[in-house]
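Novice: Right, I'll just put the structure down here and ask away after.
The values are calculated or read from the model by the stated rules, or taken from the named source; none is laboratory data. Keep in mind that this is a model prediction, so the values were computed, not measured. Methodologically, a virtual Cβ is constructed for each residue, glycine included, from the backbone with ideal geometry; neighbour enumeration extends over all protein chains shown.
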Amino acid sequence: MLTAQPSLDTGQIQRKQMKLAMSVGTNFHYRIAQVDGRHFLQIGEAAGVPKTLVQESIERVAFTAEAALGKIESELPKGFPEATTIR
């Protein structure tokens, strides 16, 4: 998704055209617009991972993502091209 973001930002593609490299869920969803949280629960269930552990993992990623992106952004060298940054 991150590699497609600049193309989305410049209008070269639409959000519905964005795809993941690997499918999610039991029905093999690749398009970002079709992926829902329950699809990650399906993957966990198929792998034998307890539902609570999958939910906690998703919540942890959601809770820490913004801070992690901010940290990376603050560590980029001065003059780093804006078109290749995370935001």
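Novice: When residues of the stretch 36-52 are filtered for being within 11 Å of Val24 (Cα to Cα) and touching a helix residue (DSSP H, G or I) at 6+ places or on another chain (Cβ under 9 Å), how many remain? Give the steps one after another, and end with the answer.
Specialist: Taking the stretch 36-52 as the starting set, the residues that turn out to be within 11 Å of Val24 (Cα to Cα) are 36-44.
Then keep just the ones that are touching a helix residue (DSSP H, G or I) at 6+ places or on another chain (Cβ under 9 Å); that gives 37, 40-41, 43-44.
Qualifying residue count, the stretch 36-52: 5.
Novice: Scan the stretch 1-37 for residues that are among the acidic types (Asp, Glu) and closer than 22 Å to Val61 by Cβ and report the count.
Specialist: Just the residues of the stretch 1-37 that are among the acidic types (Asp, Glu), to begin with: 9, 36.
Still in the list and also closer than 22 Å to Val61 by Cβ: 36.
Result for the stretch 1-37: 1.
Novice: Counting just the residues of the stretch 69-83 that are of a type in the set (Gly, Ala, Ser) and more than 28 Å from His39 (Cα to Cα), which one comes out modelled with the lowest pLDDT?
Specialist: Here is the first cut: in the stretch 69-83, the ones of a type in the set (Gly, Ala, Ser) are 70, 74, 79, 83.
Applying the additional criterion that residues be more than 28 Å from His39 (Cα to Cα) yields 74, 79, 83.
Values: Ser74: 89, Gly79: 84, Ala83: 67.
Taking the candidates together, the pick is Ala83.
Novice: Okay, moving on. Taking Glu73, is it touching a helix residue (DSSP H, G or I) at 6+ places or on another chain (Cβ under 8 Å) and acidic (Asp, Glu)? Give the derivation first.
Specialist: Working: touching a helix residue (DSSP H, G or I) at 6+ places or on another chain (Cβ under 8 Å): no; acidic (Asp, Glu): yes.
So Glu73 fails the test.
Novice: Criterion first (among the hydroxyl-bearing types (Ser, Thr, Tyr) and more than 30 Å from Gly25 (Cα to Cα)) does Ser57 satisfy it?
Specialist: Numbers: among the hydroxyl-bearing types (Ser, Thr, Tyr): yes; more than 30 Å from Gly25 (Cα to Cα): no.
No; evaluated as a whole, the condition is false for this residue.
Yes/no matrix, rows are residues, columns are (1) modelled with pLDDT of 90 or more; (2) closer than 29 Å to Glu82 by Cβ:
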position	(1), (2)
Leu2	no, yes
His39	yes, no
Val54	yes, no
Ser57	yes, no
Val61	yes, yes
Thr64	yes, yes
Ala67	yes, yes
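Novice: How about the chain: which helices (runs of 4 or more DSSP H) wholly inside it have at least 1 residues that are among the acidic types (Asp, Glu) and either touching a residue at least 60 places away in the same chain (Cβ under 8 Å) or surrounded by 13 or more Cβ atoms within 10 Å (Cβ to Cβ) (or both)?
Specialist: On the way: elements: 5-9, 37-47, 51-75.
Correct list: 37-47.
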